[in-house]
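Asker: The structure is given below, and queries will be raised subsequently.
The values are calculated or read from the model by the stated rules, or taken from the named source; none is laboratory data. All of these numbers come straight from a predicted model, not from anything done at the bench. Cβ sites come from the backbone with ideal geometry, for glycine too, and all protein chains shown count toward neighbours. In case anyone asks, the SASA skips ligands and DNA or RNA and just uses the protein heavy atoms, side chains included. Shrake-Rupley method; radii C 1.70, N 1.55, O 1.52, S 1.80 Å.
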Amino acid sequence: MSQVNKQILLAARPDGEASAAHFKLAESPLPQNVSDGQVLVRHHYLSLDPYMRGRMSEAKSYAQPHPLGTPMIGGTAGEVVLSNHASFKPGDKVVGMGGWQQYSVVDAAQPGVLRKVDATRIPLSAYLGAVGMPGVTAWYGLVKICEPKAGQTIVVSAASGAVGSAVGQLAKARGCRAVGIAGGAEKCRYVVDELGFDACVDYKAHADPKSLYLALKEATQQGVDGHFENAGNPTVGGGVARMNAFGRVAVCGMISGYDGQPIPLAHPQLILQSRLRVEGFIVSEHMEVWPEALRELGAGVAAGTLRYRETVAQGIEAAPEAFLGLLKGKNFGKQLVKLV
Ligand SMILES: NC(=O)c1ccc[n+]([C@@H]2O[C@H](COP(=O)([O-])OP(=O)(O)OC[C@H]3O[C@@H](n4cnc5c(N)ncnc54)[C@H](OP(=O)(O)O)[C@@H]3O)[C@@H](O)[C@H]2O)c1
C-alpha cells in the first residue's frame with residue numbers, strides 16, 4: 001500500500017474568477033491501520049461539481065464556506081482497503097464524500113457517510129453522475145417542481161451536462177417534448193442524436209437575446225410548461241419568456257454567475273403575467289426522494305435507457321484545471337477525475 005495520500009487543498013478564497021492559485025497540492029502520510037468503526041477508502045473517481053465554487057467563497061449561501069488549508073470537499077467512488085467496521089470489508093465498492101484526495105479515513109459508524117454500491121450492473125463512476133447526486137437533482141427538479149405531464153414541453157439548460165442530460169431523458173420517459181439548451185453545435189448534436197431530446201438550441205450561436213428567443217420559439221411551438229434552469233445567463237430569460245400560463249420553473253443552478261457575474265432577468269413581469277411558479281431547490285435538503293429517484297435512475301442506466309457521457313481527467317494533480325474548465329463549459333458530460 002502507498003505511504004502517502006496526495007491531496008488538493010483550498011489554499012485561498014477567490015475574489016472574482018477562481019484560478020489555479022486558489023488550490024495547493026499537498027501530501028500527508030497514509031494511515032496503515034484504522035480505529036474501531038473506521039474504514040480506509042481508496043478513491044477511484046473524484047466528482048467535480050459546480051457547487052464547489054460556492055464553497056470556495058465566504059459569500060452568503062445555503063452552506064458553510066469550505067475551511068482553508070483542508071482538502072476540497074467532493075464526492076468520491078472507490079474501494080475499501082482497510083476496515084474496522086462490521087458492515088464493510090476490503091474490496092467493497094463504496095461511495096462517499098472523500099474529498100479531493102486519493103484516500104480517506106471514514107467514520108463508517110455515522111449513518112449515511114459511506115454507501116456500498118453494486119459496480120457489476122452499473123459502472124462505479126455512474127454513482128457520481130446519473131445514479132448519484134446529479135441524477136437525483138434532475139429527478140427532483142423535474143418531478144417535484146416541473147411536474148411534467150405527457151404532451152407537455154420541458155426545457156433544460158446545460159442540457160449535455162450531468163444534470164441536464166438526465167432531465168431531458170426523464171422528461172421523455174414521461175411522454176413530454178424535451179428541448180435542451182447547450183453551448184455549441186457538438187453538444188446540441190449529442191443532446192438530440194444520442195440522448196433523444198426533440199430539439200436543442202445552441203445559445204452560443206445566438207449572441208443577442210432576441211435571436212435566442214426566436215430559436216427557442218421555433219423549438220417550443222406549443223410554449224413551455226416546465227423550465228429547468230442550470231446556467232442562468234443567457235438561458236433563463238429566453239426560457240421564462242416562452243412559458244405557458246401556470247408553468248413551473250425549477251431553479252437548479254446559475255453557473256454563469258458563480259464567479260460573481262450578474263444574471264439579469266429581462267422581463268420579470270412575465271412571472272406575474274404567466275402566473276409562473278418559480279422555485280429554487282437544493283437536492284441535499286430532499287433526502288426523502290433519494291431512494292425512489294435512485295431506483296429509477298439505476299434501472300435506467302442498468303438497462304441502457306438512461307444515457308450519459310463523462311469527461312475524465314487523469315490524476316489528482318489534474319483536478320484544479322478540470323474544475324476551472326467545468327466552470328467555463330469545457331466539460332462535455334459529467335466531469336470526473338480518475339485517481340487509480
Ligand atoms: N440545486 C442543486 O441541488 C444542484 C445540484 C447539482 C447541480 N446543481 C447545478 O446544476 C447545474 C448543472 O450542474 P452539472 O453538475 O450537471 O454540471 P454540467 O452541466 O455537467 O457542467 C456545467 C455546464 O454548465 C455550462 N456552463 C459552464 N459555464 C457556463 C457559463 N459561464 N455560462 C453558461 N453556462 C455555463 C456548460 O454547459 P454548456 O457548454 O452547454 O453551456 C457546462 O458544461 C449547475 O448550475 C449546478 O450548480 C444544482
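Asker: For residues that are touching a residue at least 60 places away in the same chain (Cβ under 8 Å) and on the phi < 0 side of the Ramachandran plot, tally how many sit in the range 314-335.
Answerer: Filtering the range 314-335 for residues touching a residue at least 60 places away in the same chain (Cβ under 8 Å) gives 316-317, 319-324, 326-327, 329, 331-335.
Filter once more, keeping what is on the phi < 0 side of the Ramachandran plot: 316-317, 319-324, 326-327, 331-332, 334-335.
Selection size over the range 314-335: 14.
Asker: Could I ask something else about it? Among the residues of the range 258-272, which ones are closer than 16 Å to His227 by Cα and crowded, with 16+ Cβ neighbours inside 10 Å?
Answerer: Leu270, Ile271
Asker: If you go through the range 329-340, how many residues are within 13 Å of the ligand (Cβ to nearest atom) and in a strand (DSSP E or B)?
Answerer: Of the residues in the range 329-340, the ones within 13 Å of the ligand (Cβ to nearest atom) are 329-336.
With the extra rule that they be in a strand (DSSP E or B), the set shrinks to 334-336.
The total comes to 3.
Asker: Looking at the range 202-217, which of the residues that are touching a strand residue (DSSP E or B) at 6+ places or on another chain (Cβ under 8 Å), in a helix (DSSP H, G or I) and farther than 19 Å from Pro268 by Cβ is nearest to the ligand (Cβ to nearest atom)?
Answerer: Top of the filtered list is Tyr203.
Asker: Separate question: For the list (1) touching a residue at least 40 places away in the same chain (Cβ under 8 Å); (2) within 12 Å of the ligand (Cβ to nearest atom); (3) under 22 Å from Tyr190 (Cβ atoms); (4) not acidic (Asp, Glu), I need the number of the one condition that Pro234 fails.
Answerer: Pro234 satisfies all of (1) touching a residue at least 40 places away in the same chain (Cβ under 8 Å); (2) within 12 Å of the ligand (Cβ to nearest atom); (3) under 22 Å from Tyr190 (Cβ atoms); (4) not acidic (Asp, Glu) except (1).
Asker: Of the conditions (1) small (Gly, Ala, Ser); (2) exposed (fewer than 14 other Cβ atoms within 10 Å of the Cβ); (3) away from the ligand (no atom under 13 Å from the Cβ); (4) within 23 Å of Pro134 (Cα to Cα), Gly226 clears all except one; give me its number.
Answerer: That leaves (2) as the condition not met.
Asker: Which condition number in (1) open to solvent by 20 Å² or more (accessible area, probe 1.4 Å); (2) of a type outside the set (S, T, N, Q); (3) touching a strand residue (DSSP E or B) at 6+ places or on another chain (Cβ under 6 Å) is the one that Lys334 fails?
Answerer: Just one mismatch for Lys334, condition (1).
The rows are residues; the columns are (1) over 16 Å from the mean Cα position of the chain (by Cα); (2) away from the ligand (no atom under 16 Å from the Cβ).
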site: Val117; (1), (2): yes, yes
site: Leu128; (1), (2): no, no
site: Ala138; (1), (2): no, no
site: Lys144; (1), (2): yes, no
site: Glu147; (1), (2): yes, yes
site: Val156; (1), (2): no, no
site: Val163; (1), (2): no, no
site: Ala171; (1), (2): yes, no
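Asker: Sort through Asp107, Asp118 and tell me the only one that's among the charged types (D, E, K, R), within 28 Å of Phe323 (Cα to Cα), touching a residue at least 60 places away in the same chain (Cβ under 8 Å) and open to solvent by 10 Å² or more (accessible area, probe 1.4 Å).
Answerer: Asp107
Asker: Do any residues in the range 241-262 that are at positive phi have Cβ atoms under 9 Å from those of residues that are more than 8 Å from the ligand (Cβ to nearest atom) and open to solvent by less than 50 Å² (accessible area, probe 1.4 Å), where the two are at least six apart or on different chains, and which pairs are they?
Answerer: Close Cβ pairs (under 9 Å, with a partner that is more than 8 Å from the ligand (Cβ to nearest atom) and open to solvent by less than 50 Å² (accessible area, probe 1.4 Å)) amount to Phe246/Asp225; Phe246/Ser274; Phe246/Leu276; Gly260/Pro14; Gly260/Gly16; Gly260/Ser57.
Asker: Given the conditions (1) surrounded by 14 or more Cβ atoms within 10 Å (Cβ to Cβ); (2) on the phi < 0 side of the Ramachandran plot, and given that Gly232 satisfies all but one, which numbered condition is not satisfied?
Answerer: Against the list (1) surrounded by 14 or more Cβ atoms within 10 Å (Cβ to Cβ); (2) on the phi < 0 side of the Ramachandran plot, Gly232 comes up short only on (2).
Asker: Also, quick follow-up: Given the options Asp193, Asp198, name the one that is more than 8 Å from the ligand (Cβ to nearest atom), closer than 23 Å to Gln222 by Cβ, without any contact (Cβ under 8 Å) to a residue 12 or more places away in the chain and open to solvent by 10 Å² or more (accessible area, probe 1.4 Å).
Answerer: Asp193
Asker: What are the residues in the range 303-328 that are outside any strand (DSSP E or B), away from the ligand (no atom under 16 Å from the Cβ) and within 25 Å of Ile122 (Cα to Cα), if any?
Answerer: Once the filter is applied, which keeps residues that are outside any strand (DSSP E or B), away from the ligand (no atom under 16 Å from the Cβ) and within 25 Å of Ile122 (Cα to Cα), the range 303-328 yields Ala303, Gly304, Thr305, Gly315, Ile316.
Asker: Moving on to the next point. Given the options Met133, Met97, name the one that is within 25 Å of Met72 (Cα to Cα) and surrounded by fewer than 18 Cβ atoms within 10 Å (Cβ to Cβ).
Answerer: Just a single option satisfies the conditions, and that option is Met97.
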